[in-house]
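The values are calculated or read from the model by the stated rules, or taken from the named source; none is laboratory data. Being a predicted model, the structure only gives us computed values, none of them experimental. Cβ coordinates were reconstructed from backbone atoms using ideal geometry, including for glycine residues, and neighbour counts include every protein chain displayed.
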Amino acid sequence: MKKESMGMIIQSKRKELGMTQQDLADKMCVTDKAVSKWERDLAYPDVKSLPKLAEALGMSVDELMQIKTEAQTSEEKMSVKAIVSLVLKAVALASGVAVVALSAMGEMTTDLGFTLLGIGLACAGIALLEKK
């Protein structure tokens, strides 16, 4: 969702509803010059008048203020598939790092090395398959 200024939102909703600046001004008990200033982002409506303005434009205060609700932000959150893929890649990387670190310390056995590398390769392979 593209971030718009409050003035752009007010103007687009007003026009969408077929209202003139004067029509909106009459509903808000302000001048058309005040509405013009709002739409050009030169001034903002009084905080107390936001519910009335939102109602006049047929929207919620949250929409007017561009406050994202849980439903709106769900698209922006990482999907379960993306999280699983990230975890698989992290395990693959950690397995490789463990093999190198244990080898450098002289603590690596053949069985342990093959086990760690096997886990790492399996995770990397699954992560690559997830993309398709």
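Filter the helices (runs of 4 or more DSSP H) completely within segment 1-46 down to those with at least 2 residues that are in the same structural domain as Met65 (by TED's automatic domain parsing) and over 21 Å from Ser60 (Cβ atoms). Don't jump to the end; show me each part of the working.
Working: elements: 6-16, 21-28, 32-39.
Output list reads 21-28, 32-39.
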Exercise. So how many residues does segment 93-119 have that are surrounded by 12 or more Cβ atoms within 10 Å (Cβ to Cβ) and part of a loop (DSSP other than H, G, I, E, B)?
Worked result: 1
Seminar exercise, completed: Within segment 35-44, the residues that are closer than 16 Å to Lys13 by Cβ and without any contact (Cβ under 8 Å) to a residue 24 or more places away in the chain are Ser36
